[in-house]
């Protein structure tokens, strides 16, 4: 009976185990998913009109953008080269990209933060908003942010700088001409100037307000480090009372600093490269004296006007010292593609968060259900053991060996008397009773 009871308990536990095993497996899966959720990196996409090949004016590096990555960076850490970089996250015009490398203690990640502002279909202003890299083994002065292992990224550390203080480079689509990247120059340049290094000099922005042409036939002295004698405005940012603009010249990009308000004479500072070289020293200054004001013609779909103020308004209203991401007329941010990408990422994150919450709730329910089933199983096993014990006791009480009823032998009842000894009979007489 005891063996049967033990078998019954064992069978019951096996039934419970077979019933709760899927729950336990589900709990294991949920734990794995929750852990993986923390270490899986984010993802984003670049705007559709930047998915092409570009040249960065800062270092003439050729970069290729796809929907989720950019190649051509070739960042070195010791003997390793990181390329391509994947799109990690985005907010507005700001993009964080990253690549992995094998560090001293395992896999580390190197992040770079960019602000991309569309100027034309063939030109982007690009800000590098990462601070000096916080790791060793990189080339001196490189910007970036290193995060060891699978630690979650704090975006503010990767994007520690601001467009209000940082200067910019330009992305030029491969194969573009000056006409492809041209935008309106600041209104202060809407004139013809002399610059005084020769008896006869001329710098003329009047043909279209986008390109300045130097007359090297009248004066062969190179100015503004321009070999071709022609510079095209590609994008500009206002800082205080100054305007910084990158100008395209075949084969190079140069940066000018001009005042935001014009007069008959203006001072122009120009630098050794694009506007990321502003703080590197090596600039020169030249004085431009206005000889003729431009009478620029602007054409719309229905009318043609000849008011210089129209061009001035278009070029100045797009500039703002409080919003340096704004550029000249004809510039816009990648709103449609980047916003849709941001919305897509946001929706994906929202669904992911909802799924994670659902998994956690399911985990709690399964844990409670598992605990309840264990308690029920314990209670049932105790009840069964108690019932078996009572059954055994009843069976024991019904056993003939312990019964007070006289047994029946050969159909006759046998009387069991006490085992008392009678006194012996002597000479046919029984001894007298005692006493």
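The table that follows gives values for the structure above.
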item: Extreme residue, modelled with the lowest pLDDT, among residues of region 248-272 that are assigned to a loop (DSSP other than H, G, I, E, B) and in contact with a strand residue (DSSP E or B) (Cβ under 7 Å, 6 or more places away or on another chain); result: 264
item: Criterion: out of contact with any helix residue (DSSP H, G or I) (no Cβ under 6 Å at 6 or more places or on another chain), surrounded by 12 or more Cβ atoms within 10 Å (Cβ to Cβ), part of a loop (DSSP other than H, G, I, E, B) and at pLDDT 50 or above - qualifying residue of 41, 24; result: 41
item: Number of positions in region 113-141 that are in contact (Cβ under 8 Å) with a residue 40 or more places away in the chain and not in a strand (DSSP E or B); result: 6
item: Tally, over region 108-125, of residues that are surrounded by 15 or more Cβ atoms within 10 Å (Cβ to Cβ) and over 18 Å from residue 74 (Cα atoms); result: 10
item: Options 144, 92, 103: the member that is farther than 25 Å from residue 65 by Cβ and touching a residue at least 40 places away in the same chain (Cβ under 8 Å); result: 103
item: Residue check, residue 105 more than 30 Å from residue 173 (Cβ to Cβ), exposed (fewer than 14 other Cβ atoms within 10 Å of the Cβ) and at pLDDT below 95; result: yes
item: Exclusive hit being modelled with pLDDT under 95 and surrounded by 18 or more Cβ atoms within 10 Å (Cβ to Cβ), set 147, 129; result: 147
item: Candidate set from region 87-100 (those that are assigned to a strand (DSSP E or B) and surrounded by fewer than 16 Cβ atoms within 10 Å (Cβ to Cβ)); member that is nearest to the chain's Cα centre (by Cα); result: 91
item: Residue, surrounded by the fewest Cβ atoms within 10 Å (Cβ to Cβ), within region 150-169, restricted to residues that are in a loop (DSSP other than H, G, I, E, B) and in contact with a helix residue (DSSP H, G or I) (Cβ under 8 Å, 6 or more places away or on another chain); result: 152
item: Selected residue (criterion: modelled with the highest pLDDT) from residues of region 273-303 that are assigned to a loop (DSSP other than H, G, I, E, B) and touching a helix residue (DSSP H, G or I) at 6+ places or on another chain (Cβ under 7 Å); result: 294
item: Residue check for residue 267: surrounded by fewer than 17 Cβ atoms within 10 Å (Cβ to Cβ) and touching a helix residue (DSSP H, G or I) at 6+ places or on another chain (Cβ under 9 Å); result: no
item: Positions within region 54-82 being more than 19 Å from the chain's Cα centre (by Cα) and not in a loop (DSSP other than H, G, I, E, B), in sequence order; result: 54, 55, 56, 61, 62, 63, 64, 75, 76, 77, 80, 81
item: Restricting region 170-217 to residues that are within 35 Å of the chain's Cα centre (by Cα) and assigned to a strand (DSSP E or B), the residue that is surrounded by the most Cβ atoms within 10 Å (Cβ to Cβ); result: 170
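Okay, residues lined up against (1) within 29 Å of residue 50 (Cα to Cα); (2) out of contact with any helix residue (DSSP H, G or I) (no Cβ under 7 Å at 6 or more places or on another chain):
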{"residue": "189", "(1), (2)": "no, yes"}
{"residue": "195", "(1), (2)": "no, yes"}
{"residue": "198", "(1), (2)": "no, yes"}
{"residue": "203", "(1), (2)": "no, yes"}
{"residue": "208", "(1), (2)": "yes, yes"}
{"residue": "233", "(1), (2)": "yes, yes"}
{"residue": "237", "(1), (2)": "yes, yes"}
{"residue": "248", "(1), (2)": "yes, no"}
{"residue": "262", "(1), (2)": "no, no"}
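The values are calculated or read from the model by the stated rules, or taken from the named source; none is laboratory data. On a predicted model such as this, the values are computed, not experimentally measured, just so you know. Quick reminder, even Gly has a Cβ in these numbers, built from the backbone with ideal geometry, and neighbours come from all protein chains shown.
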